[in-house]
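> Quick one: the structure is below, questions incoming.
The values are calculated or read from the model by the stated rules, or taken from the named source; none is laboratory data. Nothing here was measured: the structure is a model prediction, and the numbers come from that model. A quick note on method: Cβ atoms are made from the backbone with ideal geometry, for glycine too, and the neighbour counts reach across all protein chains shown.
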Amino acid sequence: MSYRKVRFEYYQVVYRKASDKKEQRDRLFDLLLWMDAASKKSLEGRTYDYYSEQARLESAYWDTELGFSFLHFLRLRETNLPSKAKKDSEVEPFELDDDEYLGEDVSALYDETNHVLMLQRNKYSLGPEGIEEYLNLLWNEKEEQIYLRPISPPNAFDVARRGSEYRKINLRFADINTSISEGFKDKFKSPLKKVIKSFGDYEGINAQITITMGKKKNDSLNEETISDTLDDIEENPEYFSKAEIAKKDNEDSRVELIDLFAHKAHDFGNFKMEKRSTLSHQAIAKEMWMLYSPNTDCLNRQQKINQYLKT
C-alpha cells in the first residue's frame, strides 16, 4: 500500500473594478454567483483554452452532508503522454482518440462566510494562477478582475515560536564564503555559526541541512536551540535562501510546515493509494472537510483562518 501526500493552500476570493484606485481595498467576491453562472453552461461551454491545452470546471455544488461548497477543475492534457507496458510484451505508446484527453484534476472547498477557497495543489493540474485565470474567463466581466489572495499568518516567526514540539528544520544557506568573510559568527548565537564554518572548510558556495526527529513521536528538537536559531534567521535573513520548520502547537494537533520567508496558510492530507486507481475528487473533498470544518475532531482550521484574515 502506497501513500500520497497532498498540499492544500488557503486563498481569499476578491475582485477589483477597473475604476478602483490603487489605495482602495479589494472587494470580496461572492463565488456562489460565479458557480451559479457556471452551472448554466454545458461541459463544452465551460471549457477554455489554457496555454496550449484546455481547462474546464467539471462540477460545482453544495454538499448538504458536509455543509460547504466544492469545486472540481480539470486540466485536459494531450501532450507528454505516458507509455503502457505488459510483463510479456514491449512498451507501447499511450494513444488517445481525437476527442480524448488525460484529465489532471484539482479540487477546492469554498467557505462563503469569509470568501475563503481551500485549494488542492497538484503540480500536473491548474495552480492558483491557472484557477484565477479560469475564474475570469468564465466570469467575462471586462470591468471586474477576480483574484485569489494568499492567506498568511501575520508573522511566520511568531507562529513558529508558538510551537510546543519541533519535528524538523530545513535550511538552505546563501553564499557561504561571503557569510564567513563578513564575520557572521559575531551575529549568530545558535549552533548555525559552527555549521556554516564547517561548510566553509569545503570551499563550497551553497549548502543545505535538514535536521529531524525521524520516526519518534511526541518528541521535539531542543526548544532552546530552536529559539536561538529562529532569532538568528529572523535577524540575518541575508544568509539564507530557504528556511522551513515543522512544528506542532500541542500533542493533539497536526504537524504544520512553516516557510519562514514565504509562508502561506496550508495543510497536508495523506491518502492511501490502491493499485490501478486514481485519487477521487470525493476523497479529496472529504479530507478537506476534515481539515477545515469546525464540526470535526481536528484542529478548527476555519477559526484560525478567520483570525489570520482579521490581522
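> Can you name every residue in the range 260-278 that is part of a strand (DSSP E or B), surrounded by fewer than 16 Cβ atoms within 10 Å (Cβ to Cβ) and either modelled with pLDDT of 80 or more or in contact with a His (Cβ under 8 Å, 6 or more places away or on another chain) (or both)?
Matches in the range 260-278: F268, N270.
> Starting from the range 241-266, take each residue that is touching a residue at least 40 places away in the same chain (Cβ under 8 Å) and list its partners that are β-branched (V, I, T) and part of a loop (DSSP other than H, G, I, E, B), counting only C-beta distances under 6 angstrom and pairs at least six apart or across chains.
Going by the 6 Å Cβ cut-off, the qualifying pairs are A246/V255; K248/V255; A265/I151.
Results for (1) over 18 Å from the mean Cα position of the chain (by Cα); (2) at pLDDT 95 or above; (3) of a type in the set (S, T, N, Q); (4) under 20 Å from E287 (Cα atoms), shown as yes or no for each residue.
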site	(1), (2), (3), (4)
D97	yes, no, no, no
E104	no, no, no, yes
Y110	no, yes, no, yes
H115	no, yes, no, yes
N122	no, no, yes, yes
S125	no, no, yes, yes
G130	no, no, no, no
N136	yes, yes, yes, no
L148	no, yes, no, no
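> Is it the case, given these coordinates, that A285 is more than 14 Å from L109 (Cα to Cα), at pLDDT 80 or above and either under 16 Å from the mean Cα position of the chain (by Cα) or buried (at least 16 other Cβ atoms within 10 Å of the Cβ) (or both)? It would help to see each step written out before you state the result.
Values: more than 14 Å from L109 (Cα to Cα): no; at pLDDT 80 or above: yes; either under 16 Å from the mean Cα position of the chain (by Cα) or buried (at least 16 other Cβ atoms within 10 Å of the Cβ) (or both): yes.
Considered against the rule, which asks whether it is more than 14 Å from L109 (Cα to Cα), at pLDDT 80 or above and either under 16 Å from the mean Cα position of the chain (by Cα) or buried (at least 16 other Cβ atoms within 10 Å of the Cβ) (or both), A285 comes out as no.
> Tell me, yes or no, whether the range 203-222 has at least one residue that is of a type in the set (K, R) and touching a Leu at 6+ places or on another chain (Cβ under 9 Å).
Of all residues in the range 203-222, those of a type in the set (K, R) come to 215-217.
Checking which are touching a Leu at 6+ places or on another chain (Cβ under 9 Å) leaves us with none.
No, that holds for no residue.
> Among what's in the range 1-26 and is loosely packed, with under 13 Cβ neighbours inside 10 Å and touching a strand residue (DSSP E or B) at 6+ places or on another chain (Cβ under 7 Å), pick the residue that is modelled with the highest pLDDT. I'd like the intermediate steps shown before the answer.
Step one: list which residues in the range 1-26 are loosely packed, with under 13 Cβ neighbours inside 10 Å, which gives 1-5, 17-19, 21-25.
Then keep just the ones that are touching a strand residue (DSSP E or B) at 6+ places or on another chain (Cβ under 7 Å); that gives 1-5, 17.
On the way: M1: 61, S2: 76, Y3: 73, R4: 79, K5: 83, K17: 94.
Ranking the qualifying residues of the range 1-26, first place goes to K17.
> Report yes if D219 is closer than 19 Å to G163 by Cβ and not β-branched (V, I, T), otherwise no.
Details: closer than 19 Å to G163 by Cβ: yes; not β-branched (V, I, T): yes.
Yes: the conditions hold for D219.
> Identify, please: which residue in the range 14-64 is under 19 Å from K142 (Cβ atoms) and small (G, A, S) and is, among those, farthest from the chain's Cα centre (by Cα)?
Looking at residues that are under 19 Å from K142 (Cβ atoms) and small (G, A, S), I get S19.
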